[in-house]
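A short write-up of the structure that comes next.
The values are calculated or read from the model by the stated rules, or taken from the named source; none is laboratory data. Since we're looking at a predicted model, the values are computed, not measured. Here the Cβ positions follow ideal geometry from the backbone for every residue, glycine too, while neighbour counts run over all protein chains shown. For the accessible areas, the whole protein counts, side chains as well, though only heavy atoms, and no ligand, DNA or RNA atoms are used. Shrake-Rupley method; radii C 1.70, N 1.55, O 1.52, S 1.80 Å.
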Protein chains: 2
Amino acid sequence: MKLASLPQGRDGRLIVVSDDLAWYADADHIVPTMQALLDDWDRYCPMVESLAIELSHEAIPRKRFHEREACAPLPRAYQWADGSAYVNHVELVRKARGAELPESFWTDPLMYQGGSDDLRGGRDPLLLADESWGCDLEAEIVVVTGDVPQGVSAEEALGYIRLVGLVNDVSLRNLIPGELAKGFGFVQSKPASHFSPVFVTPATLGEAWGHGRLARTLAIDVNGQPFGRVEAGEECTFDFGVLISHLARTRKLVAGSIIGSGTVSNRDPDGSPGRPVAQGGRGYACIAEQRMVETIAAGEPTTPFLKWGDTVRIEMRDAKGKSIFGAIDHTVTRS
Amino acid sequence: MKLASLPQGRDGRLIVVSDDLAWYADADHIVPTMQALLDDWDRYCPMVESLAIELSHEAIPRKRFHEREACAPLPRAYQWADGSAYVNHVELVRKARGAELPESFWTDPLMYQGGSDDLRGGRDPLLLADESWGCDLEAEIVVVTGDVPQGVSAEEALGYIRLVGLVNDVSLRNLIPGELAKGFGFVQSKPASHFSPVFVTPATLGEAWGHGRLARTLAIDVNGQPFGRVEAGEECTFDFGVLISHLARTRKLVAGSIIGSGTVSNRDPDGSPGRPVAQGGRGYACIAEQRMVETIAAGEPTTPFLKWGDTVRIEMRDAKGKSIFGAIDHTVTRS
């Protein structure tokens with residue numbers, strides 16, 4: 001089942017979307033919003049799934065789905081916590097800041113609590129007030145949970161995953177060092193995140209979903225050029241079960257909590273930190289990694305951070321080449 | 001105007017409470033929840049205020065208000081961000097961890113993004129799965145905002161404060177050093193926070209509220225004994241306007257965002273880090289500070305962190321001795 005929200009009020013209204021993202025049917029007569037569905041999943045999910053089946057059979061009135069018309073699936077959420085499943089990313093970005101990677105980072109997930117009051121759509125402009133902040137994209141997988149009890153195990157946690165999607169977890173790189181030096185995590189350096197137009201149930205992902213990992217290629221373009229073709233199923237040190245269990249160690253999580261994988265990142269087959277797509281590599285899911293590799297190779301970075309007018313596109317396709325979640329595709333815009 | 005929520009569904013139902021906290025009137029026929037009121041404040045606030053006036057005139061049916069029956073005013077929120085207005089607290093707690101206080105902490109607020117999906121009532125048990133985590137209370141002032149634009153100035157920010165209340169921002173002290181060493185802020189070391197039964201509009205606070213500060217004594221009891229009698233209006237380096245402006249530097253804040261002052265903390269008149277209430281001092285709004293002072297004086301802390309069965313009470317009274325927000329009053333309970 002694929003779900004999206006069309007703009008209405010603060011929380012949007014729920015729709016079901018056809019597997020090929022071409023059509024949709026209103027679902028708000030069953031349950032008004034995606035949050036309300038998550039709040040009472042066992043009650044409403046079977047009804048919304050029936051609707052999705054009827055849509056797939058063209059048995060009900062359907063309307064054209066346009067990704068650009070969708071808002072964030074959850075335009076505001078009660079929780080957004082972002083993990084670090086791809087330790088290669090953490091290692092590279094820390095190297096760029098001159099910080100060592102502690103050995104424990106391979107066994108104990110890094111995670112930060114993000115702001116969730118303003119979650120933006122995949123086609124909404126990426127608002128940036130000041131180019132000197134060093135705006136970067138971070139392409140990631142996210143899951144949305146039901147109510148998760150405190151102390152859940154990593155294995156049990158997988159059963160609480162309701163939906164899967166993509167995020168551009170925007171970072172302001174030049175604000176990060178000062179903020180992390182203060183020791184309390186990100187506040188100003190993580191502005192609003194942008195989500196894929198469509199979130200899907202794990203069952204919809206078929207064989208690509210397994211053991212809390214999504215084994216498909218995440219495609220990132222910057223200004224229309226391929227920037228990353230990274231494998232989300234590879235080098236994913238922590239699966240989503242581990243990330244959820246980590247977050248829920250000392251408190252329960254309430255339905256609609258969004259958990260991120262952290263920036264997808266692969267090494268090169270030779271163990272080196274990868275190469276840009278233009279050089280035959282898989283490229284990167286954030287600019288900071290490419291800048292770090294440039295610094296290692298040539299002493300300084302040459303790829304700039306995002307400027308007003310730059311475009312970012314993030315998408316994942318299934319085995320048949322069809323977009324799974326729709327694309328995050330937006331322009332950096334002066335706010 | 002004083003507001004509270006009685007348990008109903010996930011978000012409670014809105015009531016107005018009399019100034020003396022003895023009576024209430026249902027407000028959910030006007031607007032169902034406190035979040036819905038904050039979402040559309042200009043529309044609903046005048047109607048709810050009229051109701052509050054009628055309640056004060058005993059012009060409408062009224063019911064007995066019992067603090068123990070209230071849930072958190074916002075049982076789940078889209079944002080909870082906690083500042084560090086009282087730098088004395090930061091200095092002491094860092095000293096306890098063997099960390100220096102950077103000079104910039106006196107001009108640049110420290111703030112962390114907290115979890116807001118599960119906010120608990122002032123009489124709900126303080127659930128603790130493991131005593132070895134080092135459970136501590138932190139007594140603070142909070143404000144709840146309307147929609148705040150990105151880039152708001154500290155002075156303008158004051159105009160977006162809708163409500164004021166108290167919080168016990170529970171900390172798991174023994175989990176903090178390891179988590180802060182990872183550099184991404186608190187995740188496991190900050191379990192669910194507990195809020196005062198009643199939130200009030202700034203106007204209700206009269207002369208006690210000014211320039212984004214609340215100038216009243218915050219009373220903290222542990223196991224029925226006075227633990228802190230700290231002055232929230234003194235040594236408050238950053239007012240709430242500064243804290244909101246800091247959080248909104250790179251993104252807007254959505255209505256219902258809760259911003260905390262950080263643990264209230266005073267020095268002694270001689271400039272030293274205060275004395276316990278039992279020794280004639282103002283005491284502390286968290287156990288970590290008292291332990292630090294013990295360590296300075298005697299080489300090691302003697303006051304233990306909270307154990308199952310311990311009780312914590314946090315309250316603030318007005319000039320006439322009446323409780324302003326009702327009391328956070330709860331027992332640490334094995335979960």
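In the stretch A:108-128, the qualifying residues are those that are within 9 Å of another protein chain (Cβ to nearest Cβ) and among the charged types (D, E, K, R), and the one that is surrounded by the fewest Cβ atoms within 10 Å (Cβ to Cβ) is A:Asp108.
Restricting the first member to the stretch B:247-272 and to residues that are away from chain A (no Cβ under 14 Å), and the second to residues that are surrounded by fewer than 24 Cβ atoms within 10 Å (Cβ to Cβ) and among the acidic types (Asp, Glu), the beta-carbon pairs closer than 6 Å and six or more apart or on different chains are B:Asn266/B:Glu231; B:Asn266/B:Glu234; B:Asn266/B:Glu235. Counting only residues that are within 11 Å of chain B (Cβ to nearest Cβ), crowded, with 23+ Cβ neighbours inside 10 Å and not β-branched (Val, Ile, Thr), the stretch A:129-149 holds 1 of them. So, in the stretch B:191-238, exactly how many residues are in contact with a helix residue (DSSP H, G or I) (Cβ under 7 Å, 6 or more places away or on another chain) and of a type in the set (Phe, Trp, Tyr)? Count: 2.
Answer yes if at least one residue in the stretch B:203-214 is within 26 Å of B:Glu289 (Cα to Cα), within 14 Å of chain A (Cβ to nearest Cβ), of a type in the set (D, E, K, R) and in contact with a Phe, Trp or Tyr (Cβ under 9 Å, 6 or more places away or on another chain), and no otherwise. No; the residues of the stretch B:203-214 include none that is within 26 Å of B:Glu289 (Cα to Cα), within 14 Å of chain A (Cβ to nearest Cβ), of a type in the set (D, E, K, R) and in contact with a Phe, Trp or Tyr (Cβ under 9 Å, 6 or more places away or on another chain). Among the criteria (1) out of contact with any strand residue (DSSP E or B) (no Cβ under 8 Å at 6 or more places or on another chain); (2) modelled with pLDDT under 95; (3) open to solvent by 20 Å² or more (accessible area, probe 1.4 Å), the one A:Glu207 does not fulfil is (2). Is there a residue in the stretch A:215-224 that is within 30 Å of B:Lys190 (Cβ to Cβ), in the same structural domain as A:Gln150 (by the TED database), open to solvent by less than 10 Å² (accessible area, probe 1.4 Å) and in contact (Cβ under 8 Å) with a residue 24 or more places away in the chain? No, every residue in the stretch A:215-224 fails to be within 30 Å of B:Lys190 (Cβ to Cβ), in the same structural domain as A:Gln150 (by the TED database), open to solvent by less than 10 Å² (accessible area, probe 1.4 Å) and in contact (Cβ under 8 Å) with a residue 24 or more places away in the chain. So, in the stretch A:277-324, of the ones that are assigned to a helix (DSSP H, G or I) and in contact with a Leu (Cβ under 8 Å, 6 or more places away or on another chain), which residue ends up farthest from A:Leu172 (Cα to Cα)? Among them, the one singled out is A:Val293. Scanning the stretch B:97-127 for residues that are out of contact with any strand residue (DSSP E or B) (no Cβ under 9 Å at 6 or more places or on another chain) and not in a loop (DSSP other than H, G, I, E, B) gives B:Glu103, B:Ser104, B:Phe105, B:Trp106. Condition check for B:Thr263 on (1) in a loop (DSSP other than H, G, I, E, B); (2) among the hydroxyl-bearing types (Ser, Thr, Tyr); (3) open to solvent by 10 Å² or more (accessible area, probe 1.4 Å): one failure, at (3). Looking at the structure I just gave you, is B:Val167 under 14 Å from the mean Cα position of the chain (by Cα), modelled with pLDDT of 95 or more and either more than 23 Å from B:Ile296 (Cα to Cα) or of a type in the set (Lys, Arg) (or both)? Criteria met by B:Val167. Starting from residues that are without any contact (Cβ under 8 Å) to a residue 60 or more places away in the chain and among the charged types (D, E, K, R), keep the ones in the stretch B:273-309 and report whichever is least open to solvent (accessible area, probe 1.4 Å). Of everything passing the filter in the stretch B:273-309, B:Glu294 is least open to solvent (accessible area, probe 1.4 Å). A search for C-beta distances below 6 Å between a residue of the stretch B:143-161 that is within 16 Å of B:Leu214 (Cβ to Cβ) and any residue that is modelled with pLDDT of 95 or more and in a loop (DSSP other than H, G, I, E, B), counting only pairs 6+ apart in sequence or on different chains, returns B:Thr145/B:Ser257; B:Leu158/B:Gly212. Could you list, in sequence order, the residues of the stretch A:310-335 that are out of contact with any Phe, Trp or Tyr (no Cβ under 9 Å at 6 or more places or on another chain), more than 15 Å from A:Gly228 (Cα to Cα) and open to solvent by 50 Å² or more (accessible area, probe 1.4 Å)? Of everything in the stretch A:310-335, those that are out of contact with any Phe, Trp or Tyr (no Cβ under 9 Å at 6 or more places or on another chain), more than 15 Å from A:Gly228 (Cα to Cα) and open to solvent by 50 Å² or more (accessible area, probe 1.4 Å) turn out to be A:Ala319, A:Lys320, A:Lys322, A:Ser335. As for the stretch A:136-156, it holds at least one residue that is in a loop (DSSP other than H, G, I, E, B) and under 30 Å from A:Thr303 (Cβ atoms). If the condition is being crowded, with 24+ Cβ neighbours inside 10 Å and either among the β-branched types (Val, Ile, Thr) or within 14 Å of another protein chain (Cβ to nearest Cβ) (or both), then the stretch B:233-246 contributes B:Phe238, B:Leu243, B:Ile244. Taking the stretch A:162-184 as the range and being open to solvent by less than 10 Å² (accessible area, probe 1.4 Å), within 11 Å of chain B (Cβ to nearest Cβ) and not in a helix (DSSP H, G or I) as the test, the residues that pass are A:Val170, A:Ser171, A:Leu172. Looking across A:Val312, A:Val332, one residue alone is closer than 15 Å to A:Gly122 by Cβ and within 14 Å of chain B (Cβ to nearest Cβ). It is A:Val332.
Each row is one residue, and each column tells you yes or no for (1) within 23 Å of A:Gln290 (Cα to Cα); (2) of a type in the set (Gly, Ala, Ser); (3) more than 18 Å from the chain's Cα centre (by Cα).
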| residue | (1), (2), (3) |
| --- | --- |
| A:Gln113 | no, no, no |
| A:Arg120 | no, no, no |
| A:Leu128 | yes, no, yes |
| A:Glu140 | yes, no, no |
| A:Val152 | no, no, yes |
